[in-house]
Amino acid sequence: MGPPRRSVQNAGAATAFPGTYAQGRGWFVNDEAMTVEDGSFQKSGVEVGLDCADLVQMAECQDVPIFSARGASRPLVIVYVPVRPGVWLAYRTDPARVRD
């Protein structure tokens, strides 16, 4: 972050990053499914770091932006939710709705 670059982990508690994140939201904490583009998506996997240049915002869930991989084909199978600065969590469609 900033010149000189340093890790977000070493930025300190007073550092604020603009944006809206899922951390602390009821639907996120309670592992609720979310509906995006007429599909139901559930938490899947572990938190990861992603390059923002590879993502595009395509929806919102209670004011939290929802992203997909840039160029992902429709219907979407995976979307990404920003959990906190630099951390994302994948949500997948219900396996019963996914067609091969």
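Selection within segment 52-79: residues that are over 17 Å from residue 32 (Cβ atoms) and β-branched (Val, Ile, Thr). The member of this set that is surrounded by the most Cβ atoms within 10 Å (Cβ to Cβ) is 77. Answer with yes or no whether residue 57 is assigned to a strand (DSSP E or B) and free of Cβ contacts under 8 Å to residues at least 12 places away in the same chain. Criteria met by residue 57.
None of 45, 71, 12 is on the phi > 0 side of the Ramachandran plot and at pLDDT 90 or above except 71. Within segment 28-51, the only residue that satisfies the criterion of being within 13 Å of the chain's Cα centre (by Cα) and part of a helix (DSSP H, G or I) is 28.
The values are calculated or read from the model by the stated rules, or taken from the named source; none is laboratory data. Quick caveat, the model's predicted, so the values are computed rather than measured. Using ideal geometry, Cβ is built from the backbone for each residue, glycine included, and neighbour counts are taken over all protein chains shown.
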